[in-house]
Amino acid sequence: NANLEQADNEVFSIIENELKRQTNHLEMIASENFTSPAVMQAMGSVFTNKYAEGYPYKRYYGGCEFADAVEQLAIDRACKIFGCSYANVQPHSGSQANGAVYAALLSAGDKILGMDLSHGGHLTHGSKPSFSGKNYSAFYYGVELDGRINYDKVMEIAKICQPKIIVCGASAYAREIDFKKFREIADAVGAILFADIAHIAGLVAAGEHPSPFPYADVVTTTTHKTLRGPRGGMIMTNDEEIAKKINSAIFPGLQGGPLVHVIAAKAVAFKEILDPSWKDYAKQVKANAKVLAQVLTKRGYDIVSGGTDNHLVLVSFLNKPFSGKDADAALGNAGITVNKNTVPGETRSPFITSGIRIGSPALTARGMKEKEFEIIANKICDVLDNIEDTNLHAKINKELEELASNFVIYNQSTF
Ligand code: PLP
């Protein structure tokens with residue numbers, strides 16, 4: 001049956017509900033975005049049927065001529081966007097991309113130095129429950145109480161632990177990452193520099209955040225956050241030897257057949273990024289995040305590091321009687337989706353936390369600008385100021401649904 005509604009009404013209606021949720025709520029999770037219908041069309045294409053183990057023009061299966069064409073296109077576009085020589089577009093996710101970097105360049109037990117999860121790093125940067133903390137000997141740097149990385153301290157830690165790889169990049173860091181400084185630290189201890197730009201890649205692509213090239217030896221990213229593409233990962237480098245090792249680490253090291261339909265969708269997203277309008281999007285993402293930080297500050301909320309240089313704002317409730325979990329739930333009831341987050345000087349458990357992370361990429365993709373972000377930021381403060389007033393949360397939910405309805409991102413006929 002060609003029609004999902006008729007073939008499987010249960011799944012169809014769940015998807016309809018999710019579409020409504022994404023449309024009616026204000027999605028402000030910093031790692032989420034709205035990909036275009038063109039990207040989704042490529043993801044839903046016949047390439048999902050195809051096995052293409054190997055790399056373009058060197059496959060283990062027949063019938064790969066079109067898989068070759070689309071993967072090569074994705075690679076060429078990725079290299080053009082980031083100004084690098086090699087890209088592997090096959091990682092199924094950001095975590096797998098990071099796993100491949102370690103598998104390619106380290107042996108079990110080797111030392112890695114990454115950002116502490118509770119300070120804004122990612123699980124795959126050496127956290128104990130992740131393969132990165134289990135298979136390797138992980139050391140950590142963090143942020144100071146001012147919410148910023150102290151590069152002199154990172155240097156000190158690196159000199160003490162002598163890591164084989166230094167990971168820079170974060171999931172919850174609102175300030176620019178100084179890749180040049182990290183290069184100096186890596187050089188001082190003879191480490192490989194690995195930049196994970198999953199969160200900021202869309203800004204880097206637009207020149208709105210400094211590039212990790214030429215400083216990092218290897219760079220990974222997800223393709224679904226600020227890059228606004230399909231869910232997936234990617235690995236880039238300028239070093240031919242590293243590129244060869246990475247390719248073997250992804251296939252046959254960690255993965256089997258690539259998701260050619262997702263690779264096709266990555267190619268489509270990369271074309272959108274190469275369009276001059278991408279720069280406007282990235283600039284607007286930053287401008288909108290700045291408005292969030294300014295309004296929240298004006299209304300008496302503590303912004304970690306005092307503001308933002310990128311797409312996200314970390315709000316601290318260390319001096320408030322409620323937790324990140326409380327704020328996350330209250331905002332959810334008001335139709336605003338965020339996530340709870342630990343903050344520097346954290347006093348609560350990682351399940352409760354004393355902060356929230358708020359991002360601008362998804363609402364910016366819907367066309368919202370400073371004016372709407374000012375309204376939304378004030379509503380966020382209204383909710384937080386009255387964290388127990390469920391009637392007010394319901395009222396704000398209605399008002400924001402009205403606001404959201406003016407910014408249609410998918411029209412129903414797309415699906
Ligand atoms: N790296 C960073 C910095 C991230 O923030 C994330 C996701 O949140 C990842 C890697 C992992 O990406 P994925 O969820 O696709 O495995």
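Throughout, read-outs are computed from the coordinates displayed, never taken from laboratory work. None of the values given here were measured: they were computed from a predicted structure. Don't worry about glycine lacking a Cβ; one is built from the backbone with ideal geometry, like all the others, and counts go over all protein chains shown.
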Overall Cα dimensions of the range 173-295, principal axis frame, Å, largest first: 48, 43, 23
List the chymotrypsin sites (Phe, Trp or Tyr not before Pro) in the range 18-96 that DSSP assigns to loop (not H, G, I, E or B) and whose Cβ has at most 14 other Cβ atoms within 10 Å. Which are they? Tyr57, Tyr60, Tyr61
Under the 7 Å Cα-to-Cβ spin-label approximation, Asn406 and Lys283 lie apart by a distance in nanometres of 2.3 nm
Rg/Rg_ref, the range 86-208, where Rg_ref = 2.2 N^0.38 Å and atoms are Cα: 0.99
Derived scalar couplings ³J(HN,Hα) [the range 236-248; Karplus, 6.51 cos²θ - 1.76 cosθ + 1.60; whole Hz; x for Gly, Pro]: 10, 7, 10, 9, 4, 5, 5, 4, 4, 5, 4, 4, 5
Of Ala205, Ile242, Gly229, which is farthest along the charge dipole of the range 197-244 in the positive direction, counting Lys and Arg as +1 and Asp and Glu as -1 at C-beta? Gly229
Under a point-charge model restricted to the Cβ atoms of Lys and Arg (+1) and Asp and Glu (-1), what is the dipole moment magnitude of the range 1-97 relative to its Cα centre, in debye to the nearest 20? 380 debye
With no solvent and one equal point scatterer placed on each C-alpha of the range 235-317, evaluate the Debye formula and give log10 I(q)/I(0) for q = 0.18, 0.21, 0.25 Å⁻¹, two decimals. -0.86, -0.93, -1.09
Just want to confirm a number: the relative contact order over the chain, from Cα pairs under 8 angstrom separated by 6+ residues, in percent. 22 percent
What is the sum of charges around Thr353, taking Lys and Arg as +1, Asp and Glu as -1, for the other residues whose C-beta is under 11 Å from the C-beta of Thr353? +1
Which loop-located trypsin sites (Lys or Arg not before Pro) does the range 351-415 contain, where loop means any DSSP state but H, G, I, E or B and the Cβ has at most 16 other Cβ atoms within 10 Å? Lys369
Ordered by residue, what ³J(HN,Hα) values in Hz, to whole numbers, does the range 254-271 give under the Karplus form 6.51 cos²θ - 1.76 cosθ + 1.60, where θ = phi - 60° and Gly and Pro are x? 10, 10, x, x, x, 8, 4, 5, 6, 5, 4, 5, 4, 4, 5, 4, 5, 4
Output for the range 301-374: chymotrypsin sites (Phe, Trp or Tyr not before Pro) sitting in coil per DSSP, at most 12 other Cβ within 10 Å, listed by number, reads Phe351
Under a point-charge model restricted to the Cβ atoms of Lys and Arg (+1) and Asp and Glu (-1), what is the dipole moment magnitude of the range 314-398 relative to its Cα centre, in debye to the nearest 20? 220 debye
Could you tell me how many cubic angstrom of Cα convex hull volume the range 129-199 has per residue? 100 Å³
Ordering of 19-27, 70-78 by burial proxy (mean other Cβ atoms within 10 Å per residue, highest first): 70-78, 19-27
Please go through the residue pairs Lys153/Lys369; Lys134/Lys325; Lys245/Lys340; Lys58/Lys271; Lys181/Lys244; Lys20/Lys271 and name each one whose alpha carbons sit more than 31 Å apart in this structure. Lys153/Lys369; Lys245/Lys340
Checked against the positive end of the charge dipole of the range 346-415 (+1 on Cβ of Lys and Arg, -1 on Cβ of Asp and Glu, about the Cα centre), the farthest of Ser349, Ile387, Tyr410 is Tyr410
Contour minus Cα-Cα distance for Lys398 and Asp187 (0.36 nm per residue): 70.5 nm
Quick one: if the Förster radius is 51 Å, what FRET efficiency do Asn386 and Asp110 give, using the C-beta to C-beta distance and rounding to 0.05? 0.50
For Phe66, net neighbour charge (Lys/Arg +1, Asp/Glu -1) across residues whose Cβ lies under 14 Å away: -1
Around Ala216, what is the net charge, scoring Lys/Arg as +1 and Asp/Glu as -1 over all other residues with Cβ under 14 Å from its Cβ? -3
Vicinal HN-Hα couplings computed from phi for the range 183-198 (Karplus, 6.51 cos²θ - 1.76 cosθ + 1.60; Hz; Gly/Pro x): 4, 4, 5, 4, 5, 5, 10, x, 9, 7, 9, 10, 9, 9, 9, 3
Report the percentage of all Cα-Cα pairs in the range 102-153 whose separation exceeds 19 Å, rounded to a whole percent. 28 percent
How far apart, in nm, are two points set 7 Å out from the Cα along the Cα-to-Cβ line at Asn49 and at Cys79? 3.1 nm
Scattering curve values for the range 46-117, log₁₀ I(q)/I(0), Debye with Cα scatterers, q = 0.14, 0.16 Å⁻¹: -0.60, -0.75
Is any residue of the range 336-378 close enough, with backbone N under 11 Å, to a label point placed 7 angstrom from the Cα of Arg299 along the Cα-Cβ axis, and if so, which? 374-378
So what is log10(I(q)/I(0)) for the range 272-405 at q = 0.12, 0.14, 0.15, 0.16 1/Å, when the Debye sum runs over its Cα atoms only? -0.45, -0.61, -0.69, -0.78
Average the reciprocal distances over every distinct pair of alpha-carbons in the chain, invert the result, and give the Kirkwood radius in Å. 22.1 Å
Could you check the spin-label model distance between Asp152 and Phe322? Points 7 Å from the Cα along Cα→Cβ, value in nm. 4.0 nm
